[in-house]
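Data block below; observations after.
Nothing in this text is a laboratory measurement; each read-out follows from the coordinates by a stated rule. Keep in mind that this is a model prediction, so the values were computed, not measured. For neighbour counting, all protein chains shown are included, and Cβ atoms are generated from backbone atoms with ideal geometry for every residue, glycine included.
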Amino acid sequence: MSTPSLRAGLVRVAPPATSANLGPGFDSLGLALGLHDEVEVEVVDGGLTVEVTGEGADDLPRGEDHLLVRALRLGFEALGGQPPGLRLSCVNRIPHARGLGSSSAAIVAGLVAARALLAGDVLDDQAVLDLATSLEGHPDNVAACLYGGLTIAWTEDGVARAVRRDPASGVRPVVFVPEHRALTATARKLLPDQVPHADAAANAGRAALLVHAITADPALLLPATRDWLHQEYRSPAMPASAELVRALRAAGVPALISGAGPTVLAFDLGTGAVPAAVEDFVVRPVEVDSQGAVATVVRR
């Protein structure tokens with residue numbers, strides 16, 4: 001295997017957290033959030049060193065099976081070969097297994113870091129999106145992490161696609177993060193193989209409305225975030241989160257399960273109805289991340 005031409009210095013990436021689905025946009029809509037991991041990648045003469053602090057530090061591997069390393073390897077392979085050695089430093093701030101796209105952040109960070117470290121031919125964003133989807137399994141979170149803002153993602157003829165839109169200035173997300181975790185695979189097993197036609201039609205209409213609400217008219221976010229396809233089916237796996245969504249929506253707050261949960265995402269409409277504290281949840285207002293995962297080459 002050939003050794004690619006490498007740029008000097010190290011690369012830093014701050015991939016954002018993401019919230020997928022956003023209610024009715026199941027497996028298609030994603031929103032980038034202003035909560036970031038910090039990743040540094042440096043090419044060295046040999047070996048592999050992985051340093052991890054923060055979220056999941058006690059549970060994550062330190063070798064080739066680390067998801068960030070797997071993404072780097074995939075990116076280097078697509079660009080022509082592997083470097084002689086790597087040193088990685090990860091400061092994890094995105095909660096793991098909470099529906100905030102921690103795995104997508106690792107995947108996208110690895111791919112854009114590999115792209116930044118190699119001189120000559122580079123992967124365009126479409127190629128990065130497709131590679132990231134091949135690791136993640138679906139494009140909604142990785143698209144939002146890569147592009148920032150609001151993304152609409154789909155797969156066509158086996159290729160991941162996405163378009164990006166700027167959220168309106170009145171879109172103010174708040175996350176309610178519980179202590180317990182939930183696995184996407186477990187949540188998916190709770191979904192039925194078939195749903196009523198009326199539910200599918202209702203969801204399609206609200207997903208279309210949601211794109212308009214987020215980009216042009218946040219006042220419509222409460223009806224636009226109504227879902228029929230997945231949240232109620234998954235509620236037995238996260239009863240406290242499901243109850244919080246119901247309570248917030250009853251108070252007029254647009255609220256939904258973030259991704260596969262159990263984090264709850266709400267939108268603050270400025271009415272004072274979003275609580276500052278909820279028992280057993282960490283409440284955190286976050287900005288919309290408009291930039292996505294960008295790699296910076298640090299020269300020495």
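Extension gain, SER5 to ALA273, is 91.0 nm, computed as 0.36 nm per intervening residue step minus the present C-alpha separation. Each part gets one Cα centre, and for the range 102-133 versus the range 66-82 those centres are 9 Å apart.
Percent of C-alpha pairs per 20 Å bin in the chain, short distances first: 36, 54, 11, 0.
Here is the tail figure for the range 173-285: Cα pairs spaced more than 19 Å apart come to 46 percent of all pairs. The listed peptides 256-268, 58-70, 149-161, ordered by packing as a protection proxy, come out as 256-268, 149-161, 58-70 (highest mean of other Cβ atoms within 10 Å first).
Simple spin-label estimate for GLU38 and LEU191 gives 3.6 nm between the two label positions (7 Å along the Cα-to-Cβ direction from each Cα). For the range 133-220, the Kirkwood estimate of hydrodynamic radius, built from reciprocal distances between every pair of different alpha carbons, is 15.6 Å. Considering helices alone, the calculated mean residue ellipticity of the chain at 222 nm is -9000 deg cm²/dmol, with DSSP H runs of length four and up weighted by -39500 (n - 2.57) and normalised per residue. Can you bin the range 225-300 into rounded, prolate or oblate? Criterion: square roots of the alpha carbon gyration tensor eigenvalues sorted a ≥ b ≥ c, rounded for a/c under 1.5, prolate for a/b above b/c, oblate for the rest. Here the range 225-300 falls in the prolate category. Across the range 206-218, coupling constants 3J(HN,Hα) worked out from phi with the 6.51/-1.76/1.60 Karplus curve, θ = phi - 60°, read 6, 5, 5, 5, 5, 4, 5, 5, 6, 8, 9, 8, x Hz, and Gly and Pro carry x. Projected over every direction and averaged, the convex hull enclosing the alpha-carbon atoms of the range 96-184 yields 7.2 nm². The mean sequence distance of close C-alpha pairs (under 8 Å, at least 6 residues apart), as a share of the length of the range 173-285, puts its relative contact order at 40 percent. Would you mind calculating the relative contact order of the chain from Cα pairs under 8 angstrom and at least 6 residues apart, reporting the percent as a whole number? It comes to 27 percent, rounded to a whole number. The SER134 and ASP58 beta-carbon pair, evaluated with R₀ = 35 Å, returns a calculated FRET efficiency of approximately 0.75. Applying the Kirkwood pairwise sum to the alpha-carbon positions of the range 1-111 produces a hydrodynamic radius of 14.8 angstrom. Within the range 220-297, none of the trypsin sites (Lys or Arg not before Pro) combine a DSSP coil assignment with at most 15 other C-beta atoms in a 10 angstrom radius.
A crude spin-label estimate for the pair ALA247 and ASP166, with each label 7 Å from Cα along the Cβ direction, gives 3.7 nm. Here the simple spin-label model places points 7 Å from the Cα toward Cβ, and for GLU77 and VAL283 these points are separated by 4.6 nm.
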